[in-house]
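K.L.:
The structure follows.
The values are calculated or read from the model by the stated rules, or taken from the named source; none is laboratory data. All figures in this text were calculated on a predicted structure; none of them were measured in a lab. Cβ placement follows ideal geometry from the backbone for every residue including glycine, while neighbour counts extend to all protein chains displayed. What goes into the accessible areas is simple: the full protein's heavy atoms, side chains included, and nothing from ligands, DNA or RNA. Shrake-Rupley method; radii C 1.70, N 1.55, O 1.52, S 1.80 Å.
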Amino acid sequence: MIKKSTSWANEESFKILVNEALVKESPAFVNSATQTFEYCISGGPNHQYTLRLFDSVGDSWSSGSWLEIRGLYNNVFFKGYLTDSRTESYSLSLYFPIKTSDQWKMTSGSITTGWTAVDFNDQGWTTVTLGSVASAVSGTQYFRKTFMGLSSMAAYELALQYRMGIVFYINGVELYRDNMPDGEVQSSTLAIGSYPTLQYRKFLRSGSEVAVNPSVFAIEIHFITAGEMFVDFDAWMALYTPSTPESICYVYGDAINIQSSGISNPSNLFDFGKGTFANIQSGNLPATITFLGSRPMINGIRVWPSGSPTSAPSTFSFEGSMGSTSSAEWSPIVSVEDAVYQTTTVKPFFSYFNSKLYSSYRAVITSSFLTYVYIYEMQPMVCNVPIPTSIQFEQPNYSFYAMYEEVNIRPVVNEWQNCQVTPQLPQGLTMDASCHITGRVMTAQTQVQYQVTSQTNGQTYQGNFYLRIMSCSGMVVTVLRTYKSSAFNEAFTIKDASNQEVVLSVETNSGQINNNNWERVLCL
C-alpha cells in the first residue's frame, strides 16, 4: 500500500474489513510524504474486502493525497482518494483467479470444435505446470484453464506471456488476437509476426466478461513456421472491484504519459489531485491530450470539477486508435455535449457500443460554459456497464409551441446508429443518424406516439416518445434569463396580473449554469 500525503496527514486514515471485522488499520501518516507499507492480509472469501477511507475532522483528504494498493505482480487493485467530507466505503478485491506457474490443460497439433467452451471435456488433454514445461511439442499449442468468475466486478487484468501469434477466449468468446491474420483460425494457420523478446503483455477489460462461475480461459499459440516449439506461455489474472463510489468502474491507476497541445500543466489532468488543474484558454481550443501506457479497454470517463463546475469540460470526446499517435485514425468512444456539473461532485460518462482494446487514446476538449476550461481530474475507467436493451429518451413526453419554439429531443445514449422513426415526423423536424430530433413546427398537432428504431452493431433497438405541438391563442412570450456568477443560488418567479397565480417558477439549484442563457416559451 502506497499512501501519498500532502497536509493534515494526521486526519487521514483507512481500514480494511471483512464482514465489518477489522483486518488491517492504517498507521499514522506524515505530511508531505509518500509512504509504502507491506502487509500479509488474512484471506476472506475469494479475497473480497471492504476498504474504508476516513477524515477525522470532516473536511475530506487534502488535495494531492491518495491511496494506492498493489498486488503480487505489482498490479494496481485500487488507486483513489476520499471525495466525501468524512468517510467513503469501497469494495476491494485482492483476488487472483489465475496465477503464474499454475496448472493448465494443454494439447497441440489438431483441435476439436468447441474447445473454448466451459463445458468442453478436456480430460484427454495433458496437465502441465506452466513455467516448468521443458519439452518441445509439435504444431499449434492449445491451453485451457477453468477459474472461478465473480459477478459485480468492474474490470479484470490479464497478463499474457507470449512472443508469437496468439488468440484468447473467455467462455467461448474471442476477446483478443495478436500477430495473427484476420478471419477464421485453423490449427495450420501460421503467425504473421512475432516480438523479439518473450514478455508479459497486459490488458484491462470489463468485468462483465468474467461474471460466469465457473469460467474458462482458452489460449492458442501459433508460430511463424511449422515444427516443434518449446512451451513458454504463462499468464496471470486479477479481478477488480469498483474504485468509484458512483459506478461499477475501475479507475485506471497505472502510469500515463500525457502529450498535449494548447494546455497548461497537462500532468494535473490525471494526478489524483483534487485541487490542481490543467488549464485551457479558449483561443487554444480544442486541445488534445494523448494517453499512452498499458492496454485498457476504456469505456468510461470520470470528471472531477472541484469547486468550479462551470469551468469543467462541458463538450469533449474521448477517442481511441489502433495506430501510432502520429498518424492515427481516431474513433470516438465517449462523446459529450453540454455536460452540467455540481460542485465537488464526480460525474461519470460511459460508452456502451464504441469501446475496443485500442492501443492509444486521447481526449479532445472543446469547451466549457466559460471562456476557459479547468480540468481538475479526467480519469479514464474500465466499467461493467450493461448494454442498453432499448432506446430511452431524456423525457417520455414532449410539448412545444408551434412556430415559436425550437424542438430538441435527445436520447439518453448518444451512440445509436442508423435511426429511423415512425410515423413520419411533423414538417420542419429532422432526425439524425443518432436519433437526435431538432427543428421547428409551424402548425399544431395533437399528442402522437413515435417509435424510433436503430440498427447498431448488427442489433435492432427500439424506443418510444410522445410529442405534442401546441398552438397559443393568447400572447406568446419568450423568457430569457442570463446568468453570470453564482447561478446555483438564484431563483425567480413570474405571476399573473393579480399576483396570485404562478405562471413560471425557477428555483435555486435546479441546473442553472454560470455565464449561460436560460430560455422558456410561455403562452399567456
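K.L.:
Restricting to segment 412-443, name every residue that is part of a loop (DSSP other than H, G, I, E, B), exposed (fewer than 15 other Cβ atoms within 10 Å of the Cβ) and not acidic (Asp, Glu).
P.N.:
Hits for segment 412-443 are Val412, Gln417, Asn418, Pro423, Gln424, Gln427, Ala433, Met442, Thr443.
K.L.:
Here is a further query. Quick one: how many residues across segment 260-309 are assigned to a loop (DSSP other than H, G, I, E, B) and either in contact with a Pro (Cβ under 7 Å, 6 or more places away or on another chain) or of a type outside the set (Val, Ile, Thr) (or both)?
P.N.:
So the count comes out to 20.
K.L.:
A further question on this structure: Looking at segment 82-103 only, could you name the residues that are within 32 Å of the chain's Cα centre (by Cα) and in a strand (DSSP E or B)?
P.N.:
Hits for segment 82-103 are Thr87, Glu88, Ser89, Tyr90, Ser91, Leu92, Ser93, Tyr95, Phe96, Pro97, Ile98.
K.L.:
For segment 454-511, give me the residue count where each residue is farther than 30 Å from Thr371 by Cα, of a type in the set (D, E, K, R), open to solvent by 60 Å² or more (accessible area, probe 1.4 Å) and not in a strand (DSSP E or B).
P.N.:
Selection size over segment 454-511: 1.
K.L.:
Looking only at segment 119-137, count how many residues are open to solvent by 60 Å² or more (accessible area, probe 1.4 Å) and in contact (Cβ under 8 Å) with a residue 24 or more places away in the chain.
P.N.:
5
K.L.:
Only residues in segment 261-288 that are closer than 20 Å to Ser32 by Cβ and charged (D, E, K, R) count as the first member; pair them with residues that are outside any loop (DSSP other than H, G, I, E, B) and open to solvent by less than 40 Å² (accessible area, probe 1.4 Å), Cβ under 8 angstrom, at least 6 apart or cross-chain, and list the lot.
P.N.:
Qualifying pairs under 8 Å: Asp271/Glu377; Lys274/Trp304; Lys274/Glu377.
K.L.:
Okay, moving on. Considering only segment 1-31, state which residues are in a strand (DSSP E or B), small (Gly, Ala, Ser), free of Cβ contacts under 8 Å to residues at least 60 places away in the same chain and within 15 Å of Glu68 (Cα to Cα).
P.N.:
Result: Ser13, single match.
K.L.:
Would you check if Lys79 is touching a residue at least 60 places away in the same chain (Cβ under 8 Å), part of a strand (DSSP E or B) and open to solvent by 20 Å² or more (accessible area, probe 1.4 Å)? Talk me through it step by step, then tell me what you get.
P.N.:
Values: touching a residue at least 60 places away in the same chain (Cβ under 8 Å): yes; part of a strand (DSSP E or B): yes; open to solvent by 20 Å² or more (accessible area, probe 1.4 Å): yes.
It is true that Lys79 is touching a residue at least 60 places away in the same chain (Cβ under 8 Å), part of a strand (DSSP E or B) and open to solvent by 20 Å² or more (accessible area, probe 1.4 Å).
K.L.:
Tell me, which strands (runs of 3 or more DSSP E) lie completely within segment 331-372 with 2 or more residues that are surrounded by 15 or more Cβ atoms within 10 Å (Cβ to Cβ) and of a type in the set (Ser, Thr, Tyr)?
P.N.:
Of the strands (runs of 3 or more DSSP E) lying wholly inside segment 331-372, those with at least 2 residues that are surrounded by 15 or more Cβ atoms within 10 Å (Cβ to Cβ) and of a type in the set (Ser, Thr, Tyr) span 360-367.
K.L.:
In addition: Can you tell me which of (1) surrounded by 14 or more Cβ atoms within 10 Å (Cβ to Cβ); (2) modelled with pLDDT of 95 or more; (3) in a strand (DSSP E or B) is the one Thr34 doesn't meet?
P.N.:
Result: Thr34 fails condition (1) only.
K.L.:
Still on this structure, please answer the following. Within segment 320-329, restricting attention to residues that are small (Gly, Ala, Ser) and modelled with pLDDT under 75, which residue is surrounded by the fewest Cβ atoms within 10 Å (Cβ to Cβ)?
P.N.:
The extreme case among them is Ser326.
K.L.:
Are there strands (runs of 3 or more DSSP E) fully within segment 191-259 with at least 2 residues that are in contact with a strand residue (DSSP E or B) (Cβ under 9 Å, 6 or more places away or on another chain) and closer than 21 Å to Thr129 by Cβ? List them. First the steps, then the outcome.
P.N.:
Values: elements: 199-206, 215-222, 228-230, 234-240, 249-251.
Correct list: 199-206, 215-222, 228-230, 234-240.
K.L.:
So which of Pro348, Pro380, Pro332 is of a type outside the set (S, T, N, Q), at pLDDT 90 or above and farther than 30 Å from Asn464 by Cβ?
P.N.:
Only one candidate passes the filter, namely Pro380.
K.L.:
On to the next question. Those residues that are of a type outside the set (Phe, Trp, Tyr), under 15 Å from Gly80 (Cβ atoms) and modelled with pLDDT of 90 or more, I need them from segment 213-252; list them, please. Even if it seems obvious, please write down each step before you answer.
P.N.:
The first filter runs over segment 213-252 and keeps only residues of a type outside the set (Phe, Trp, Tyr), leaving 213-216, 218-222, 224-229, 231-232, 234-235, 237-239, 241-249, 251.
So of that shortlist, the ones also under 15 Å from Gly80 (Cβ atoms) come out as 241-249, 251.
Result: Thr241, Pro242, Ser243, Thr244, Ser247, Ile248, Cys249, Val251.
K.L.:
Between Ala159, Ala136, which is under 30 Å from the mean Cα position of the chain (by Cα) and among the hydrophobic types (A, V, I, L, M, F, W, C)? Can you show your working first?
P.N.:
Working: Ala136 fails: under 30 Å from the mean Cα position of the chain (by Cα).
Of Ala159, Ala136, the one residue that is under 30 Å from the mean Cα position of the chain (by Cα) and among the hydrophobic types (A, V, I, L, M, F, W, C) is Ala159.
K.L.:
Do the conditions hold for Tyr401, that is, is it more than 28 Å from Thr478 (Cβ to Cβ), in contact (Cβ under 8 Å) with a residue 40 or more places away in the chain and either of a type in the set (Phe, Trp, Tyr) or in contact with a strand residue (DSSP E or B) (Cβ under 8 Å, 6 or more places away or on another chain) (or both)?
P.N.:
Against the criterion (more than 28 Å from Thr478 (Cβ to Cβ), in contact (Cβ under 8 Å) with a residue 40 or more places away in the chain and either of a type in the set (Phe, Trp, Tyr) or in contact with a strand residue (DSSP E or B) (Cβ under 8 Å, 6 or more places away or on another chain) (or both)), Tyr401 does not qualify.
K.L.:
Checking Lys99 against (1) closer than 28 Å to Tyr39 by Cα; (2) open to solvent by less than 60 Å² (accessible area, probe 1.4 Å), only one condition comes out false. Which one?
P.N.:
Condition (2) is where Lys99 drops out.
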